1. Which one is nearest to residue 7 (Cα to Cα) among residues in segment 40-58 that are touching a helix residue (DSSP H, G or I) at 6+ places or on another chain (Cβ under 9 Å) and touching a residue at least 24 places away in the same chain (Cβ under 8 Å)?
2. In segment 61-70, which residues are within 14 Å of the chain's Cα centre (by Cα) and without any contact (Cβ under 8 Å) to a residue 60 or more places away in the chain?
3. For segment 1-19, enumerate the residues that are farther than 23 Å from residue 48 by Cβ, in contact with a helix residue (DSSP H, G or I) (Cβ under 7 Å, 6 or more places away or on another chain) and not hydrophobic (A, V, I, L, M, F, W, C).
4. Please work out if residue 65 is at pLDDT 95 or above and either in contact with a strand residue (DSSP E or B) (Cβ under 7 Å, 6 or more places away or on another chain) or farther than 19 Å from residue 137 by Cα (or both).
5. Within segment 79-93, is even one residue assigned to a helix (DSSP H, G or I) and at pLDDT 95 or above?
6. Quick one: would you say residue 37 is closer than 18 Å to residue 7 by Cα, over 18 Å from the mean Cα position of the chain (by Cα) and surrounded by fewer than 19 Cβ atoms within 10 Å (Cβ to Cβ)?
7. Among (1) surrounded by fewer than 20 Cβ atoms within 10 Å (Cβ to Cβ); (2) within 17 Å of the chain's Cα centre (by Cα), there is one condition residue 116 misses while meeting the rest; what is its number?
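The values are calculated or read from the model by the stated rules, or taken from the named source; none is laboratory data. Treat the numbers as computed from the prediction; the structure is a model and nothing was measured. Heads up, the Cβs are rebuilt from the backbone with ideal geometry, glycines too, and the neighbour counts pull from every protein chain shown.
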Amino acid sequence: MRVYIPTTLPGLAEAYKAGELGPEPLGAYAVTPSLREWYVSDDIEELEYAALTRAAQASLRLLAAHPEAPRRRVVLAIDVADTAVGFDPDRGLDPATLGEVRLAHTVPLGKAAAVHLDADDADADVAAAAQAVGAADAGDDDAQFTVDGAEDHELLWYATQEIPHLIG
């Protein structure tokens, strides 16, 4: 199963140094039954993109909590065994937790299939969105507009061999 783990550039650097993502339980996003129902599609690529988008939103929340981190959303795509992934089907009905899963164990970075990262030109929009995400969550429409501005930027795809360059 492919899971999408949200992080930040310092989090990616830490994972690279340690050779693994953790500590457990590790929050991630995947194509869950509730995400399938919400998205109403049978196209696995579209569903995985929806899970990736949810992880990018979680990365934005990590940036809000870590103002010292560079203003770029980071998501790692990792392939894990289905048995390594757990989710609460009742909690999955909450629109705020669609696609959310937990990994019970740390994950070797070697299992990563790709890194998804904002381009440099997204910094200003991502910085503004990180400042506004709390107000957007509280229902502020103007703040939500700002958060949506970050989501207008597509995350770029990088091979895992490029991680040293990305964190350097």
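1. Going through the qualifying residues, I end up with 56.
2. Scanning segment 61-70 gives a single hit, 62.
3. Matches in segment 1-19: 16, 19.
4. No, not satisfied.
5. no
6. For residue 37, the condition - closer than 18 Å to residue 7 by Cα, over 18 Å from the mean Cα position of the chain (by Cα) and surrounded by fewer than 19 Cβ atoms within 10 Å (Cβ to Cβ) - is not met.
7. (1) is the only condition that residue 116 fails.
Here is a yes/no grid of residues against (1) surrounded by fewer than 16 Cβ atoms within 10 Å (Cβ to Cβ); (2) among the β-branched types (Val, Ile, Thr); (3) assigned to a helix (DSSP H, G or I):
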residue	(1), (2), (3)
123	yes, no, yes
130	no, no, yes
133	no, yes, yes
139	yes, no, no
146	no, yes, yes
165	yes, no, yes
